[in-house]
Amino acid sequence: MTAGFAGFALPALALLAQDSPPGLAGPVLAIGLMGAGMIAAAIAGRLWAGVALALLAATGLMLLALGLGLPAPSTVPPLAFALVIASVSFAARGLLFARSAASHGWWIAVAVVGGEAALVATASAQPGVLPAWLLALLPAQWATRAIQTSLSNGDPLTALPVLLALGGTAITTLLVAALWPRRWPYTIMFSAWLGLSALVHHHQTSPAAPASAPATWRSGGVAASASGINRGQSPPSASRSIPADAAAPRA
């Protein structure tokens with residue numbers, strides 16, 4: 001029940017409470033995946049339980065978002081791949097909490113989900129408030145960027161760094177869980193997490209990387225202007241002509 005509440009009920013309320021639900025689809029799906037997958041795996045002590053519940057919650061939230069006006073992505077495989085990788089990554093962390101803290105592992109999972117969800121929600125509501133290096137450390141933000149890219153039909157290659165980060169942390173976390181109670185694998189896990197976070201940070205701050213995920217599914221604003229240009233309409237500034245007497249130099 002706790003996993004369902006954190007993974008579906010609260011994210012669904014967030015979608016229903018906003019005036020423009022499609023704009024929240026990426027962060028809400030990421031938070032839903034994290035809440036359902038991590039908490040379920042921590043309670044059950046099984047990786048498959050976390051992955052299954054995470055994907056179930058993501059499917060329900062996706063259907064709700066489509067019903068609220070989110071256009072369906074033109075290509076489903078990139079979105080499905082991002083959801084699966086994120087689900088495994090979050091469920092692996094929940095499994096590790098179950099192995100390391102036994103019956104108290106789900107409390108740790110709830111605390112981690114609440115903390116990362118608060119930071120992701122803040123970054124979505126107030127872009128630029130949180131430093132880029134902090135967001136680059138958050139797996140929930142990695143999942144948000146991967147899902148958002150797929151939902152907005154962006155170039156899948158732009159999501160490659162965050163997908164590598166999610167996959168890499170999943171592998172190292174599962175290694176630690178498999179070798180528990182040995183503590184030396186923690187060095188590998190934390191080193192991989194920091195290295196992959198540096199990769200994400202470098203990508204999101206490089207000049208070639210977009211400042212934010214494409215927003216082709218949003219209504220109004222830049223997206224509407226861009227759609228007009230794509231239909232062959234000239235931007236307003238291009239249609240203006242410069243008067244001849246203003247352009248000629250004065251004697």
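The values are calculated or read from the model by the stated rules, or taken from the named source; none is laboratory data. If you're wondering where the values come from, they're calculated on a predicted model, not measured in any experiment. Here Cβ is always computed from backbone atoms with ideal geometry, including for glycine, and neighbour counts include all displayed protein chains. Accessible surface areas use protein heavy atoms only, side chains included; no ligands, DNA or RNA. Shrake-Rupley method; radii C 1.70, N 1.55, O 1.52, S 1.80 Å.
Remarks
- Within segment 150-166, being part of a helix (DSSP H, G or I) and under 14 Å from the mean Cα position of the chain (by Cα) holds for Ser150, Leu151, Pro156, Thr158, Ala159, Leu160, Pro161, Val162, Leu163, Leu164, Ala165, Leu166.
- The listed residue being part of a loop (DSSP other than H, G, I, E, B), more than 13 Å from the chain's Cα centre (by Cα) and of a type in the set (Gly, Ala, Ser), out of Gly115, Gly128: Gly128
- Count - residues of segment 66-104 that are of a type in the set (A, V, I, L, M, F, W, C) and either in contact with a Ser or Thr (Cβ under 7 Å, 6 or more places away or on another chain) or open to solvent by less than 50 Å² (accessible area, probe 1.4 Å) (or both): 16
- Taken over segment 135-149, the criterion of being open to solvent by less than 40 Å² (accessible area, probe 1.4 Å) and either assigned to a helix (DSSP H, G or I) or free of Cβ contacts under 8 Å to residues at least 24 places away in the same chain (or both) is satisfied by Leu135, Leu138, Pro139, Ala140, Gln141, Trp142, Ala143, Thr144, Ala146, Ile147, Gln148, Thr149.
- On inspection, Ala178 passes the criterion of being assigned to a helix (DSSP H, G or I), free of Cβ contacts under 8 Å to residues at least 60 places away in the same chain, aliphatic (A, V, I, L, M) and over 23 Å from Val120 (Cβ atoms).
- Residue list for segment 50-65, restricted to those being out of contact with any Pro (no Cβ under 8 Å at 6 or more places or on another chain) and open to solvent by less than 40 Å² (accessible area, probe 1.4 Å): Gly50, Val51, Ala54, Ala58, Gly60, Met62
- Positions within segment 73-97 being over 15 Å from the mean Cα position of the chain (by Cα) and modelled with pLDDT under 95, in sequence order: Pro73, Ser74, Thr75, Val76, Pro77
- When we screen Leu47, Leu24 for residues that are crowded, with 16+ Cβ neighbours inside 10 Å, modelled with pLDDT under 85 and either within 24 Å of Leu119 (Cβ to Cβ) or more than 14 Å from the chain's Cα centre (by Cα) (or both), the only hit is Leu24.
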